[in-house]
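Here is the structure we will look at, set down as structure tokens.
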Amino acid sequence: MNAAPTTPTTGGQADLLSVDADYLWHPWSPSRVNAETTVAVSGQGCEVRDADGHRYLDARSSGLNANLGYGCRPVIDAVSEQLSRLMTYDLGEGANVPAIRLAQRIAELTGPRLTRTFFCNSGSEAVEATIRVARFYHAALGSPERNIIVSLDNAYHGATMAAAACSAASSPFADAVAPPGFVTVPRPVPEAGPSGSDGVEALRDFLAENGERTAAVIVEPVQARGAYISPDNYLRAARELCDRHGVLLVLDEVTTGFGRTGRMFGYEHAGIPPDVLLTSKGLGAGYVSLAAVTTTEHVFDVFDRNKREMAGFVHGHTHSGHAAACAAGLAVIDFIDTEGILANVRARGDQLLDALAEVHSLPFVHDVRGRGLLVAVETDSRRRASRMRRHMRAAGVLVRRVGPNVLLAPPLVVTSSEIDRIATSLVAAAGVVGTGPG
Ligand SMILES: Cc1ncc(COP(=O)(O)O)c(C=O)c1O
């Protein structure tokens, strides 16, 4: 007979957090874990319940990924059905039906230009794979010296070595271990008004001098770190400059992809498809860990044509194209399609920005901006934004703080009354923290 388990599976917030403090190593630790850490035990719709039974409106979609909210039946059913039938089968050696069907489904959405999908398990892995694709691609075309990866100020592309090297370093150690060949250029700063920069000149100048050594430019249509929007004109200019210099344009849509901005993909606003499209959070919607690198037939063909010299694309993961994860991806796309999710994102995003208009005029609020359901209220300091986050949590609304920004990214299924609740709690928090220094 098995011994009775000695580790309780549940407990109250305080109990769990004390065990957490002894055993769990959190990502981005230790700063985020304290007595106010939400130990979530269940969720339904846009709400999560903590270990003491408190309910919160999750206006941050967990990690900007619980895009269809909690308890989304069609996705859960698709995953369980696939787990029972065949949890996975290795794409390195063979194939499985959900992976084949999901690659086809993505191509229906991104074609005719983007047709080939390589699956990974996280946004960082997708960025890592893309950097290898970009460098191998140029090497196969006879230009191995083209290895520079250009990213923008304040970008976030992930936590693995190369992905972190094209994200603004958050630790002095990160710089010390960064691999070579990564360059950052200024981002467009339209929110600074007439004194802002459109960013195009910086990219144009860099490529004029270094275009022949550059493999790829990687841009987020809306930066996850603070909802800074890359204006449509910027993306069009980046497309044109990349074409002129033979550089691959990579759009990192790990956060924006699959509906967050009110279109299926952020690039649709500017009407310019990239050479490589990266998606992840919205594709798995928090139900599974899944990411996709979707590229053109031309890029794929360079690998295919040179398979003898290059041995193909020597890259992959045990769980590339995991069957149950891909089944989730298919169910997520169906749900977005059949439930009118994109229209909801546009309507609720407009509603949120309208409701926040009144905080825009407060002296400590520098900007209120957003696209779809990726919205930021930028304050004058990190401290002020942290205080707002705390006040909103006390009022039952969870948000993310990024630098001086309060970031709002509720699930794409959020209702009109939930948007009212989010806006009301933010306006109230702004009222409380508006007095005194930041
Ligand atoms: C734009 C973007 N790229 C890449 C990543 C990295 O994704 P992951 O955390 O799944 O590795 C993130 C995560 O926040 C992101 O927002």
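Side notes on the structure shown:
- Here region 13-37 is the region considered, the condition is being without any contact (Cβ under 8 Å) to a residue 12 or more places away in the chain and among the hydroxyl-bearing types (Ser, Thr, Tyr), and the residue that is nearest to Gly158 (Cα to Cα) is Ser29.
- For region 412-436, the tally of residues that are surrounded by fewer than 19 Cβ atoms within 10 Å (Cβ to Cβ) and part of a loop (DSSP other than H, G, I, E, B) stands at 4.
- Every pair of residues 6+ apart whose Cβ atoms lie under 6 Å, when the first sits in region 99-111 and is more than 18 Å from Ala78 (Cβ to Cβ) while the second is surrounded by 14 or more Cβ atoms within 10 Å (Cβ to Cβ) and of a type in the set (Ser, Thr, Tyr): Ala107/Thr115; Thr110/Thr294
- Exactly one residue out of Gly321, Gly370 is open to solvent by less than 30 Å² (accessible area, probe 1.4 Å), assigned by the TED database to the domain that holds Val189 and not in a helix (DSSP H, G or I): that is Gly321.
Conditions tested, residue by residue: (1) under 22 Å from His157 (Cβ atoms); (2) surrounded by fewer than 24 Cβ atoms within 10 Å (Cβ to Cβ).
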position: Glu240; (1), (2): no, yes
position: Asp252; (1), (2): yes, no
position: Thr261; (1), (2): yes, no
position: Met264; (1), (2): yes, yes
position: Pro274; (1), (2): yes, no
position: Leu283; (1), (2): yes, no
position: Glu297; (1), (2): no, yes
position: Asp304; (1), (2): no, yes
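- Within the set Ala164, Ala155, Ala134, Ala159, the sole residue that is within 23 Å of Pro186 (Cα to Cα), within 16 Å of the ligand (Cβ to nearest atom) and open to solvent by 40 Å² or more (accessible area, probe 1.4 Å) turns out to be Ala159.
- Subset tally (residues that are hydrophobic (A, V, I, L, M, F, W, C), away from the ligand (no atom under 13 Å from the Cβ) and not in a loop (DSSP other than H, G, I, E, B)) for region 230-275: 8
- Number of positions in region 170-203 that are open to solvent by 50 Å² or more (accessible area, probe 1.4 Å) and either away from the ligand (no atom under 16 Å from the Cβ) or more than 25 Å from Glu145 (Cβ to Cβ) (or both): 15
- Considering Ala385, Ala409, the condition of being free of Cβ contacts under 8 Å to residues at least 60 places away in the same chain, among the hydrophobic types (A, V, I, L, M, F, W, C), open to solvent by less than 10 Å² (accessible area, probe 1.4 Å) and not assigned by the TED database to the domain that holds Val189 is satisfied by Ala385 alone.
- Output for region 204-229, where each listed residue is aliphatic (A, V, I, L, M), out of contact with any strand residue (DSSP E or B) (no Cβ under 7 Å at 6 or more places or on another chain) and either within 16 Å of the ligand (Cβ to nearest atom) or within 21 Å of Val402 (Cα to Cα) (or both): Ala224
- Tally, over region 276-286, of residues that are more than 19 Å from Ile149 (Cα to Cα) and near the ligand (Cβ under 10 Å from one of its atoms): 3
- Options Val345, Val332, Val359: the member that is out of contact with any Lys or Arg (no Cβ under 8 Å at 6 or more places or on another chain), buried (at least 21 other Cβ atoms within 10 Å of the Cβ) and not assigned by the TED database to the domain that holds Met264: Val359
- Subset of region 285-295 that is assigned to a loop (DSSP other than H, G, I, E, B) and open to solvent by 10 Å² or more (accessible area, probe 1.4 Å) - its residue that is farthest from Ala324 (Cα to Cα): Gly286
- Those residues of region 106-126 which are crowded, with 20+ Cβ neighbours inside 10 Å and over 13 Å from Gly257 (Cβ atoms), in sequence order: Arg116, Phe118, Phe119, Cys120, Asn121, Ser122, Ser124, Glu125
- Selection within region 141-152 - closer than 22 Å to Ser230 by Cα and more than 15 Å from the ligand (Cβ to nearest atom): Ile148, Val150
- Selection within region 194-221: residues that are in a loop (DSSP other than H, G, I, E, B) and in contact (Cβ under 8 Å) with a residue 24 or more places away in the chain. The member of this set that is nearest to Val293 (Cα to Cα) is Glu220.
- Residues that are farther than 30 Å from Thr338 by Cβ and either out of contact with any Lys or Arg (no Cβ under 7 Å at 6 or more places or on another chain) or open to solvent by 50 Å² or more (accessible area, probe 1.4 Å) (or both) are absent from region 63-81.
- Against the numbered list (1) of a type in the set (Ser, Thr, Tyr); (2) touching a Ser or Thr at 6+ places or on another chain (Cβ under 8 Å); (3) away from the ligand (no atom under 16 Å from the Cβ), Ser289 comes up short only at (3).
The values are calculated or read from the model by the stated rules, or taken from the named source; none is laboratory data. None of these values were measured; they are calculated from a predicted model. Positions of Cβ are backbone-derived with ideal geometry, glycine not excepted, and every protein chain shown enters the neighbour counts. To get the accessible areas, we keep the full protein, side chains included, count just its heavy atoms, and leave off ligands, DNA and RNA. Shrake-Rupley method; radii C 1.70, N 1.55, O 1.52, S 1.80 Å.
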